[in-house]
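First comes the structure, then the notes that go with it.
The values are calculated or read from the model by the stated rules, or taken from the named source; none is laboratory data. Please read these numbers as outputs of a predicted model, since none were measured by experiment. Here the Cβ is made from the backbone with ideal geometry for all residues, glycine too, and neighbour counts use every protein chain on show. Keep in mind that these areas ignore ligands, DNA and RNA; they rest on the heavy atoms of the full protein, side chains included. Shrake-Rupley method; radii C 1.70, N 1.55, O 1.52, S 1.80 Å.
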Amino acid sequence: MNASAEKTYDILVIDDDFTSSSVLKAYLESKKIYQVSVEHDGQTGLHRAASEKFDCLILDINLPEINGYEILRLLRLRGIQMQVLIISVRGREKDIIMGLELGADDYLIKPFSMPELNARLSARIRRSPNPSGHYQAGDQKVNLDELTIESLGSKHQLSAREGRLLKIFLENPGRVMARNQILDLVWGVDYLGTTRTVDNFVLNLRKKLKGGKITIETVRGLGYRLQNKNSEN
């Protein structure tokens with residue numbers, strides 16, 4: 001009998017809650033497509049995330065030794081662009097925005113259901129290819145191969161999710177993109193989050209594009225539109 005083996009994905013979980021991380025590991029590995037490693041402190045988790053290859057990092061914020069925000073900041077600073085899904089009891093808007101600004105691809109507030117986590121994880125690693133391409137407007141350069149924006153002498157690192165979102169705008173200049181449409185294109189039709197996710201990511205992109213020719217404007221009641229000031233008469 002011929003049977004093709006389904007691809008497996010290596011997941012690293014950094015969470016100091018032994019019980020919930022054990023349940024998470026058992027649940028994901030029951031799906032037969034995930035190999036899950038677990039670390040319970042920030043220092044060890046950072047070392048493994050930086051030195052080994054994983055398809056996705058599931059990262060708690062409140063950790064001993066080094067917190068999750070610092071782990072994420074250091075990983076992105078080193079150019080490590082694996083998918084990062086934050087799981088945290090911190091559910092305030094400023095906490096979520098901070099995680100996204102540091103380069104997280106998604107943010108899930110505890111407590112959450114395992115099926116929701118699995119759906120988001122699947123959307124992260126199985127559906128969304130890495131963006132690519134080079135764009136320039138005036139002195140502003142966007143390199144989606146390296147996930148960077150250079151403008152006014154400064155350089156900003158993009159997360160893979162930010163890169164995919166920006167690519168959608170760059171390929172549709174001047175076109176109004178509805179929030180639900182953006183969710184389907186960037187996060188996948190089975191994404192369980194809300195359009196607030198789009199708003200948070202657009203906010204982060206605006207900060208990194210600030211001062212350049214490329215801007216993302218809000219079209220009230222409709223969505224967002226990319227404007228290239230370099231093309232204006």
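For Ile96, indicate whether it is aliphatic (A, V, I, L, M), closer than 24 Å to Ala50 by Cα and touching a residue at least 60 places away in the same chain (Cβ under 8 Å). Quick ask: steps written out before the conclusion?
Numbers: aliphatic (A, V, I, L, M): yes; closer than 24 Å to Ala50 by Cα: yes; touching a residue at least 60 places away in the same chain (Cβ under 8 Å): yes.
When the stated conditions are applied, Ile96 passes them.
Mind checking whether some residue in region 95-113 is basic (Lys, Arg), surrounded by fewer than 19 Cβ atoms within 10 Å (Cβ to Cβ) and at pLDDT 90 or above? The answer is yes, given that some residue of region 95-113 is basic (Lys, Arg), surrounded by fewer than 19 Cβ atoms within 10 Å (Cβ to Cβ) and at pLDDT 90 or above. Do we have any residue at all in region 44-58 that's over 20 Å from the mean Cα position of the chain (by Cα), more than 25 Å from Gly163 (Cα to Cα) and modelled with pLDDT of 90 or more? Yes; the residues of region 44-58 include at least one that is over 20 Å from the mean Cα position of the chain (by Cα), more than 25 Å from Gly163 (Cα to Cα) and modelled with pLDDT of 90 or more.
Evaluation of Gly91 against the conditions (1) in a loop (DSSP other than H, G, I, E, B); (2) of a type in the set (Gly, Ala, Ser); (3) surrounded by 13 or more Cβ atoms within 10 Å (Cβ to Cβ) shows that the sole unmet condition is (3).
A search for C-beta distances below 6 Å between a residue of region 172-188 that is closer than 11 Å to Ala123 by Cβ and any residue that is charged (D, E, K, R), counting only pairs 6+ apart in sequence or on different chains, returns Val186/Arg164; Gly188/Arg127. Checking each residue in region 198-225 for being under 20 Å from Gln157 (Cβ atoms) and of a type outside the set (Lys, Arg) picks out Asn200, Phe201, Val202, Leu203, Asn204, Leu205, Leu209, Gly211, Gly212, Ile214, Thr215, Ile216. Of all residues in region 57-75, at least one satisfies being touching a strand residue (DSSP E or B) at 6+ places or on another chain (Cβ under 7 Å), of a type in the set (A, V, I, L, M) and farther than 14 Å from Leu102 by Cβ. When Met177 is tested against (1) at pLDDT 90 or above; (2) under 18 Å from the mean Cα position of the chain (by Cα); (3) open to solvent by less than 30 Å² (accessible area, probe 1.4 Å); (4) closer than 16 Å to Leu203 by Cα, just one condition goes unmet, and that condition is (2).
Is it the case that some residue within region 161-169 is without any contact (Cβ under 8 Å) to a residue 24 or more places away in the chain, open to solvent by less than 20 Å² (accessible area, probe 1.4 Å) and in a helix (DSSP H, G or I)? Break it down stepwise before answering.
Initial filter on region 161-169 (without any contact (Cβ under 8 Å) to a residue 24 or more places away in the chain): 168.
Right, trim to open to solvent by less than 20 Å² (accessible area, probe 1.4 Å) and you get none.
The answer is no; no qualifying residue exists.
Out of (1) open to solvent by less than 20 Å² (accessible area, probe 1.4 Å); (2) within 23 Å of Asp199 (Cα to Cα), what's the single condition that is false for Asn143? Of the numbered conditions (1) open to solvent by less than 20 Å² (accessible area, probe 1.4 Å); (2) within 23 Å of Asp199 (Cα to Cα), the odd one out for Asn143 is (1). Within region 180-217, being open to solvent by 10 Å² or more (accessible area, probe 1.4 Å), hydrophobic (A, V, I, L, M, F, W, C) and over 29 Å from Gly138 (Cα atoms) holds for Leu183, Val189, Leu192.
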